[in-house]
Amino acid sequence: MKPKVAFFEFTSCEGCQLTVLDTLQRHPELLEVIEIVQFREAMTERSDDYQIAFIEGSCTRPSDEAKIREIRTQAQIVIAVGACAHLGGINAIRNRMPLDDVREYVYGDKKDWFETYPARPLSAVIKVDAVIPGCPIDRDEFAMAVTHLLQGRMPAIPDYPLCIECKLTENVCMFLRGQTCLGPITRAGCDAICPSCGQGCEGCRGLVPSPNLGSIKDALRERGMTEEQIDARLSLFLTYQTMQMDGVTPA
Amino acid sequence: MKILPKHSLKAWVDRLRATHRVVAPRETYGQYIFEEIENADDLVLDYHTSVLPPKKYLLPPREDLFAFNAKTMEMSPLIEEIQPTVIMALHTCDLHAITLLDKIQGTGHTDQHYQARRRKTTLVSIECLKPCMDHAFCKSMGTLAVPEGFDVHLTDLGDRYAVEIGSEQGEQLIEGLSLFWEPVEADYDRVNQVMAGKWPNFDYRLDCDVTDLPDLLAANQDSALWDEVGDTCLACGQCTKVCPTCYCFDVLDEIDLKLEHGKRIRVWDSCLIEKFAVVAGGHNFRSSQARRLRHRFLRKGKYQYESYGLLGCVGCGRCALSCPAHITPIGLLNTLAERRRPATEEASSQS
């Protein structure tokens, strides 16, 4: 029997679900092995009878929590899909700023009309069984994650740094170009797509389990980055994780 | 010895390409990468170091081990058809590294996949006449001279190469080719001149004797330096990827979405990665970065020497070049040697 699968989104651009749709084109056999019962971006039918929930997006409103918990109650397996669900994503950049200032900046004098609170990953709200990292996720990694779930195991996502993959592609190291990169502290699995295109890693797949933040900051300073620039670099995808490491609660 | 005039080099490579895959360093964005030569014009013999060492042709970063069918439980071996390959322009450090790998992969449970590739591979090395980069310390490690058991070795004499043949496999690469001349007296003189002239171009960079390394490392297992350097190590693992003597691998299974056809593969692993020494149950035998870093140095400078009689470091300097935290073997080993000095003097005065 094919497992029943549902897709959900919270605060996100829905680009990861678009990547899932694209994966279905590249691996049409996915539809032979899973039954998709809910996927707003792709189909009209909608059933709440599912075993595996793939959730994109971060939780940015108190009222999101009830819906997220409801999915957790229904699904046997919950997978966080993409940087927003996994890390709080770029939505969490605001967490280091006073919330009221952020609301005013975005909504002006209508700031009290909209509900919001510091952005957080799904794992801050419910137990998440596994993540498929990235901004957006990688097509082949999504197919691999499904394969592993079908085998009855959790998706094996790399927990080593990006430098490993980057070196194997024999890219010119961004640091040797005098540029900057978060590859040494970022989880691999994207085949070093950004450095391969000449752009330093921004950390969208999240930190490796024991990142050496002190040493990466030294490396960035050495390439001429100011403290402000370093903080900005580490905030694009890594705000929630680095605040947790620093023991700082959102303003 | 034979002589190959430089103007005949391309003709030789073209001849080799008729029967072999010829791989050689190629310049890409200012660095050199070993790749197949599609055109003899692409051949470069004078290059600084390559990003990945040529061992990638003997131990590919990702290699299929066997195929399986999970429904029928059938397995089939997957030693792929290996093209006869010539690796061109190896620096002598890389040749020493392959000598070590041959010994390791040929001892005890020999590695069939390595052996299959190695049998089909002929190595053409080149004499290094000047340091290829600042980080190299081959002279200190004793790898600046060609090791025994080379196949073909070239020495640049200006308008010609001196060609030494070290094996039957090497002999086959030049056998019967009129491109190669017999040397005359002046060629021998020139070789002697070039060989004598090259040594002063290289510095001894290690402050202790290379034969002291195993003892130096043994005596300093508890040095505070490991913690100091461990604090700066990013654990990015680049040093292990670029190392010409690292051969640790991880084994993974891949299967299709229908859970039927799969492959067991192996990929390069890295002892600097946190998970490397984690065993079933979750215990990590090397729980800090300092310990993982120490393990790497002890393995290169002590354990491999004890097991195989050859040091695990050939002084190529690739790890030093690639480290974003500037951890270098020369820096680390010289600091150990420096710090040992008072202790050694104290110990000798006691005895």
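The values are calculated or read from the model by the stated rules, or taken from the named source; none is laboratory data. Please read all numbers here as calculations on a predicted model, not as lab measurements. Every residue, glycine as well, gets a Cβ built from its backbone with ideal geometry; the counts of neighbours run over all protein chains shown. To get the accessible areas, we keep the full protein, side chains included, count just its heavy atoms, and leave off ligands, DNA and RNA. Shrake-Rupley method; radii C 1.70, N 1.55, O 1.52, S 1.80 Å.
For the chain pair B and A, the buried solvent-accessible surface (1.4 Å probe, both sides summed) amounts to about 2600 Å².
What is the distance in Å between the Cα centroid of the range B:1-32 and that of the range A:12-35? Measuring centre to centre over Cα atoms gives 47 Å. Computed over chain A, the per-residue total of -39500 (n - 2.57) for DSSP H runs of n ≥ 4 gives a 222 nm mean residue ellipticity of -9500 deg cm²/dmol, rounded to 500. Among the GluC sites (Glu not before Pro) within the range A:1-71, those in coil by DSSP and having at most 10 neighbouring Cβ atoms inside 10 Å are A:Glu45.
The mean number of partner chain beta-carbon atoms within 10 angstrom of a residue's beta-carbon across peptide A:170-178 is 5.
In loop segments of the range A:1-94 as defined by DSSP, the trypsin sites (Lys or Arg not before Pro) with at most 14 further C-beta atoms inside 10 Å of their C-beta are A:Arg40. Overall dimensions of chain A, expressed as equivalent-ellipsoid semi-axes from the Cα gyration tensor (√(5λ), whole Å, largest first), are 31, 25, 14.
For B:Leu90, the amide hydrogen comes within under 5 Å of the amide hydrogens of B:Val124, B:Ser125, B:Ile126, counting only partners 5 or more places away or on other chains and with H modelled in the peptide plane. Rounded to the nearest whole angstrom, the semi-axes of the ellipsoid equivalent to the range A:4-150, taken from the Cα gyration tensor as √(5λ), stand at 29, 15, 14, largest first. When you filter the trypsin sites (Lys or Arg not before Pro) in the range A:149-251 for DSSP loop state and at most 14 other Cβ atoms inside 10 Å of their Cβ, you are left with A:Arg153.
What does the net charge come to around B:Pro183 if you take all other residues with beta carbon closer than 13 Å to its beta carbon, with K and R at +1 and D and E at -1? Neighbour charge sum, excluding B:Pro183 itself: -2. Averaging Cα coordinates gives a centre for the range A:136-168 and one for the range B:119-158; these two points are 40 Å apart.
Across the protein assembly as shown, Cα-Cα pairs farther apart than 42 Å form 34% of the total. Summary: within chain B, the longest segment free of chymotrypsin sites (Phe, Trp or Tyr not before Pro) located in DSSP loops with at most 14 other C-beta atoms within 10 Å is B:30-203.
Dipole orientation for the protein assembly as shown: of the candidates B:Pro54, B:Ala280, A:Gly88, B:Ala280 has the Cα lying most toward the positive pole (charges on Cβ; Lys, Arg +1; Asp, Glu -1). Among complete DSSP H helices in chain B, those whose alpha-carbon atoms stretch at least 15 Å along the helix's long axis and whose mean Kyte-Doolittle hydropathy reaches -0.5 are B:9-19, B:92-105. Within the listed set B:Gly301, B:Gly312, B:Gly158, the residue fluctuating most in the Gaussian network model of chain B (springs between alpha-carbon atoms under 10 angstrom) is B:Gly158.
Across chain B, Cα-Cα distances exceeding 37 Å account for 26% of all pairs. Histogrammed with a bin width of 10 Å, the alpha carbon distances of the range A:162-245 distribute as 19, 55, 25, 1 percent, first bin at zero. Neighbouring Cβ atoms from other chains, within 10 Å of the Cβ of residues in B:317-325, number 4 on average.
Sequence-ordered 3J(HN,Hα) estimates for the range B:136-144 from the Karplus curve with 6.51, -1.76 and 1.60 and θ = phi - 60° stand at 5, 9, 4, 4, 5, 8, x, 10, 7 Hz, glycine and proline given as x.
Below 16 Å, Cα to Cα, which aspartates and glutamates can A:Lys127 reach? Residues fewer than 8 away in the same chain don't count. List returned: A:Glu56, A:Asp64, A:Glu65, A:Glu70.
Computed about its Cα centre, the charge dipole of chain B is approximately 740 debye, with only Lys, Arg, Asp and Glu carrying charge at their Cβ. Taking 0.36 nm per residue of separation and subtracting the current Cα-Cα distance, fully stretching the chain between A:Lys110 and A:Asp49 would add 18.1 nm.
When the Gaussian network model of chain B links Cα atoms closer than 10 Å, the mean-square fluctuations of B:Leu157, B:Leu293, B:Leu257 top out at B:Leu257. Among the listed pairs B:Lys71/B:Lys120; B:Lys10/B:Lys130; A:Lys4/B:Lys263, those whose Cα-Cα separation exceeds 29 Å are B:Lys71/B:Lys120. Comparing B:Asp42, B:Asp102, B:Asp256 in a Gaussian network model of chain B where C-alpha atoms under 10 Å apart are linked, the largest mean-square fluctuation is found at B:Asp256. Compactness of the range A:1-54 was expressed as the Cα radius of gyration divided by 2.2 N^0.38 Å, which yields 1.09.
Only one residue of B:Leu225, B:Ala235, B:Thr211 has its Cα farthest out toward the positive end of the dipole of the range B:189-297, where Lys and Arg carry +1 and Asp and Glu -1 on Cβ, and that residue is B:Ala235. For the range A:162-245, a simple Cβ point-charge model (Lys and Arg +1, Asp and Glu -1, everything else neutral) yields a dipole of about 80 debye relative to the Cα centre. Charging the Cβ of each Asp and Glu at -1 and of each Lys and Arg at +1, and nothing else, the dipole of the protein assembly as shown about its Cα centre rounds to 700 debye. Counting only the Cα atoms, the range B:67-121 fills a convex hull of 96 Å³ per residue. Based on DSSP H segments of at least four residues, each scored -39500 (n - 2.57), chain B has a per-residue ellipticity at 222 nm of -9500 deg cm²/dmol.
Look at the dipole of chain B built from charges on Cβ: of B:Thr72, B:Phe202, B:Pro147, the Cα furthest out on the positive end belongs to B:Thr72.
What's the longest uninterrupted piece of chain B once you rule out the GluC sites (Glu not before Pro) that are loop residues per DSSP with at most 14 other Cβ within 10 Å? After excluding every exposed loop site, the longest remaining stretch is B:261-351. Length gained on full extension, A:Cys197 to A:Leu31, computed as 0.36 nm times the residue gap minus the Cα-Cα distance: 56.5 nm.
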